[in-house]
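Here is the structure we will look at.
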Ligand SMILES: Cc1cc2nc3c(=O)[nH]c(=O)nc-3n(C[C@H](O)[C@H](O)[C@H](O)COP(=O)(O)OP(=O)(O)OC[C@H]3O[C@@H](n4cnc5c(N)ncnc54)[C@H](O)[C@@H]3O)c2cc1C
């Protein structure tokens, strides 16, 4: 690791002003992505600004038809939150599948979506549930937030403060884990909103990051059941291919995971 | 046996320090004035090193030196050696290219060191390393064996034309051809044995400390065999003479073979510590482990098995290509030859065998022994052949094995090994009973109704362990003898120190070796300590690998114990005024048999050291040593059966049951044996389902981190169902066969046989990843 200066911020405003002062500052949340990259000397921030202890950034709250997860809430807290389990059980379940216990105790939703790994779990939930990303400057819809591999709509120094999820009618998540990393080899989040809209998002599959799967959405809109997906054809073009899965395999997984997610959603 | 004697499930003495974080590993050691080494490694699989410019680095803070491969040459430091000479079928010796510890001219795999930065801290060394400019001229590289042996392939070493190290044969080709000519059925199979990265939990590390006044070196290193390290470092590398080099292997966090070998880093650390006049420490990181720890396996094989009309095997033909990577590592040459082809008879009566093994250089990390070393490759091949044969001949796979089992012992195979004892039907019976083999068809039908493909797979393995009779291995080209030594030191107060040349790095010797003493003397194991891993303390030893520590190392201790006990009995007889022949040892006392006359063992020890009243002419003291050279290999064997389900939608395998019925001869501590089997099975299953060290066509490693290389985790594995059927090994007095490698040797074939049974297709390579299984299911 290169030399860096560590700051522990006690409020979002303090974090933002510390960031402005650094020449090449970086926010730190759970450190599960940033620290390995720094240890490998692939990143050399001048200043590291820790958001992890900012009280206003931690917690899970349900109010009315919205579930709000604050940005520095660790995956473990979401997985075990009564509010989350009651409002959107599929989301709590998703959090319980992230990485391993150490990663779940430290890694946060804000860090995960800011990083926007093409195989991360949360982006699929945000996109399928039509969530809104709250920052210290604005609100951004999930559609506008994710901009392809490791890129988001966040501006330099912008801090995610929370993600708010409209509580759906039904939702389900099914994940095929990458055998080595435990990220999603391909995973699918399906949701039926309270207004009857069907939204399906796949992660780990596309070369351009988390994506909606229109063909499956249409099939499920007509008939919300696993068998409705049987006849859908998912193209392998533009899907990821690597030593753990060909593009054709991932295309198959999009269908199979979608079917299992629908079955889980009930 | 007593509560702590042989066969008792004694809790491991060493676990207190390991579990409380008090283990002492090389990286925990800090010496005064210590510097830190960071190696500069080639990013190219094949390149000429044109120029190394370290001028900027030398000006950086805390930098002590930047040393290069050319300086090694200038100081006449020797190249790395390969310690087992193999002769090709045309009578020529194997063809080896030189392997310098840092490359002065040519790099041949990604990760090969070209220079080292020595600095006041690890971070400063790393900072400076980024300022060293190495000018490479890239050369075409070849990573896969099939391409490497083709005409026109990039050539690695001028000494080895066609990238061929050797073309070696074993067995009777004429007899084998004759058997095939008369065969009623021939079964053919092509298999790949996937390359694995060993990944011991503790990465390799070394600290070298040169004492200029004494002209003496101390090396702390992560070694499975510190004496062998000292021998090789002193005899071949021209760095330190043997009596001026102390090698200490303290707590070592796993080896699996990868820490047998002498690596460039410890050579360079030793040499550099003298050059810079300060201790030099190097601790590898995980990336360096993936790039530079010797890999395992990596065979491509075509095999054919001939059967007569009664389904009896009449012949076996094997042709194997073995990938050695870019250089011949210390014992690499023996792995696909004498450790592999000599086990091709498996548990079966095979009258004629012929095997040919071609060793190949590629631009990849060197390959050497990894848990099982050659024997997993043999076992996997034979057991997949047997399953393939059963399917082709339409007979039950268990029955086909029984039809061909060796049942008379000793049994001389056509490939050198003489099996001393075994009962292969007994282990297969035990495994079939444990898994309810008879009820499988009903379970398969039940699973099918739930959309799951269920399969069962058998693997009956045999291995040659207790490595090895020195004369035998010497006649086959080994550069060392493979005996073991031990010393028993009884202190004046009756506590006992056992010095052993075996090295414990996860095997639990500090417990099991004490259990032998407890068994013989009836003293608690708390009174016994095991001393190992330091060439200044233990006179000599060959170390731990090849499941040899109990069969060979513990037998050496037994021999030394017998000598010590014989002297102690004389002292006791003298004190008790009885005849030596009447003395028996019971519960820590030396007794006159049939009387209540007794003297406690500590009093015997004290008498030996006070020497006030010893028999006439007896030397004072109570300390004996012994060397033990085995007369044969030992032959652990067993039957593994795996039942699993494949999800046809994803190709993912889930275990239903995994039973292992092993015959290890006598067990010293069944709990430790179970731990060894669990670990071995995890590695065998890891190879079958998950692990694969992959290179792209240019020799760039694709799997150099745990994000890409799948190590088995607890939830990838079933809960194992273990049992033992025992035939005592006649070759050593304790009847021990060894248990350290069995799981890794037997498991992978059971898993692949079960998956191919489940999906109804026989062609499936390891690792059987979900993607691969799914594609195989859906292949036309
Ligand atoms: C072994 C392992 C396995 C994993 N498995 C999975 C998995 O299965 N599924 C999965 O989805 N993820 C997985 N992860 C990633 C994990 O979820 C991380 O926690 C996540 O990617 C990053 O979150 P973090 O809180 O650790 O962020 P950090 O590493 O601290 O930060 C990551 C990036 O986000 C930025 N950032 C953090 N918080 C904010 C904020 N509030 N506003 C703006 N920018 C911010 C940082 O500046 C940095 O650039 C795994 C990680 C590891 C190490």
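The values are calculated or read from the model by the stated rules, or taken from the named source; none is laboratory data. A quick note: this is a predicted structure, and the numbers were derived from the prediction, not measured. Note that we place each Cβ from the backbone using ideal geometry, even for glycine, and neighbour counts take in every protein chain shown.
Worth pointing out:
- Scope segment A:75-107; condition surrounded by fewer than 23 Cβ atoms within 10 Å (Cβ to Cβ) and within 22 Å of residue A:10 (Cβ to Cβ); matching residues: A:77, A:105, A:106
- In segment B:284-299, of all residues being away from chain A (no Cβ under 14 Å) and in contact with a strand residue (DSSP E or B) (Cβ under 9 Å, 6 or more places away or on another chain), the one that is surrounded by the most Cβ atoms within 10 Å (Cβ to Cβ) corresponds to B:296.
- Flag for residue B:722 being away from the ligand (no atom under 16 Å from the Cβ), touching a residue at least 40 places away in the same chain (Cβ under 8 Å) and not in a loop (DSSP other than H, G, I, E, B): yes
- Residue match in segment B:101-121 (condition: surrounded by 17 or more Cβ atoms within 10 Å (Cβ to Cβ) and at positive phi): yes
- So residue B:641, is it more than 21 Å from the chain's Cα centre (by Cα), away from chain A (no Cβ under 14 Å) and modelled with pLDDT of 95 or more: yes
- Candidates B:527, B:515: the one that is modelled with pLDDT of 95 or more and surrounded by fewer than 22 Cβ atoms within 10 Å (Cβ to Cβ) is B:527.
- Residue selection: residue B:602 fails the criterion of being out of contact with any strand residue (DSSP E or B) (no Cβ under 8 Å at 6 or more places or on another chain), touching a residue at least 60 places away in the same chain (Cβ under 8 Å) and buried (at least 20 other Cβ atoms within 10 Å of the Cβ).
- Which listed residue is surrounded by 15 or more Cβ atoms within 10 Å (Cβ to Cβ), assigned to a loop (DSSP other than H, G, I, E, B) and within 11 Å of the ligand (Cβ to nearest atom), from A:52, A:110: A:52
- In this structure, residue A:184 qualifies as in contact with a strand residue (DSSP E or B) (Cβ under 7 Å, 6 or more places away or on another chain), under 20 Å from residue A:108 (Cβ atoms), within 14 Å of chain B (Cβ to nearest Cβ) and crowded, with 24+ Cβ neighbours inside 10 Å.
- Restricting segment B:699-712 to residues that are crowded, with 23+ Cβ neighbours inside 10 Å and not in a strand (DSSP E or B), the residue that is farthest from the other protein chains (Cβ to nearest Cβ) is B:699.
- Going through (1) more than 14 Å from chain B (Cβ to nearest Cβ); (2) within 11 Å of the ligand (Cβ to nearest atom); (3) within 30 Å of residue B:716 (Cβ to Cβ); (4) crowded, with 18+ Cβ neighbours inside 10 Å one by one, residue A:150 falls short only on (4).
- Segment A:22-43 residues that are more than 14 Å from every other protein chain (Cβ to nearest Cβ), paired with ones that are near the ligand (Cβ under 9 Å from one of its atoms) and part of a helix (DSSP H, G or I) (beta carbon under 6 Å, 6 or more apart): A:28/A:34; A:29/A:110; A:29/A:111; A:30/A:106; A:30/A:111; A:43/A:37
- Across segment A:113-136, the number of residues qualifying as touching a helix residue (DSSP H, G or I) at 6+ places or on another chain (Cβ under 9 Å) and either within 11 Å of the ligand (Cβ to nearest atom) or without any contact (Cβ under 8 Å) to a residue 12 or more places away in the chain (or both) comes to 12.
- Residue match in segment B:499-506 (condition: assigned to a strand (DSSP E or B), at pLDDT 95 or above and outside the structural domain of residue B:251 (by TED's automatic domain parsing)): yes
- Identity of the residue in segment A:245-255, at the interface with another protein chain (Cβ under 8 Å from one of its Cβ atoms) and crowded, with 22+ Cβ neighbours inside 10 Å, that ends up farthest from residue A:179 (Cα to Cα): A:252
- Criterion applied to B:715, B:696 was being at pLDDT below 95 and either within 13 Å of chain A (Cβ to nearest Cβ) or more than 30 Å from residue B:445 (Cα to Cα) (or both), and the one residue passing it is B:715.
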